[in-house]
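Everything below concerns the one structure shown next.
The values are calculated or read from the model by the stated rules, or taken from the named source; none is laboratory data. This one's a predicted model, so the numbers in the text were calculated from it and none came from an experiment. As a convention, Cβ positions derive from the backbone with ideal geometry for all residues, glycine included, and neighbour counts pool all protein chains shown. What goes into the accessible areas is simple: the full protein's heavy atoms, side chains included, and nothing from ligands, DNA or RNA. Shrake-Rupley method; radii C 1.70, N 1.55, O 1.52, S 1.80 Å.
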Amino acid sequence: MKRFTRTKSEERRTRTAVIVTVLFFFAVLGLFLYGMGQVDSGAVRNQEQVLEEAVNRDVTLCYAREGRYPESVKYLEDHYGLTYDKDTFSVKYQLRGSNIRPYVTVIRKGASGDMKGLGA
């Protein structure tokens, strides 16, 4: 019954094949996780851009309807339905006068405490 025994070279080949398979699996897993991180990062950048556009659109709409710019972002939330994730983004709003367009900046809050901002 020698057919169920392996020689040393067959054992070495089997061990090598297992190692190569495991390394290939982890390489593919790493590439997959990296790709998912890139997709997630792109989605957050897109949300940031959409939020900035929404704030500017609501500011313009308020000026067109009421003849003055809103006094705060809270006013836009209450009267124009502006909503956003306050855990992820911060909207800085600086009013310069009732008939001068305010400065609006959307800032993404980072997980490590760093802030990345976009000006309007």
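Length gained on full extension, A64 to V44: 4.2 nm, using 0.36 nm per residue less the C-alpha separation. Comparing V28, Q94, V18 along the charge dipole axis of the chain, the residue lying farthest to the positive side is V18, per the Cβ-charge model. Helix 8-66 and the longest principal axis of the Cα set of the chain meet at an angle near 10°. Using the rule -39500 (n - 2.57) for each DSSP H run of four or more residues, divided by the residues of the chain, the 222 nm mean residue ellipticity is -20500 deg cm²/dmol.
When L82, L33 are compared by accessible area of protein heavy atoms, the largest-first order is L33, L82, using a 1.4 Å probe.
Sorted by packing (mean other beta-carbon atoms within 10 Å per residue), highest first, where do 43-53, 7-17 land?
Descending packing order for the listed peptides: 43-53, 7-17.
Ranking of T5, T88, T83 by solvent-accessible surface, largest first: T83, T5, T88 (1.4 Å probe, protein heavy atoms only, all chains present).
Normalised by the residues of the chain, what does the relative contact order come to in percent, with Cα pairs under 8 Å and at least six apart?
That works out to 17 percent.
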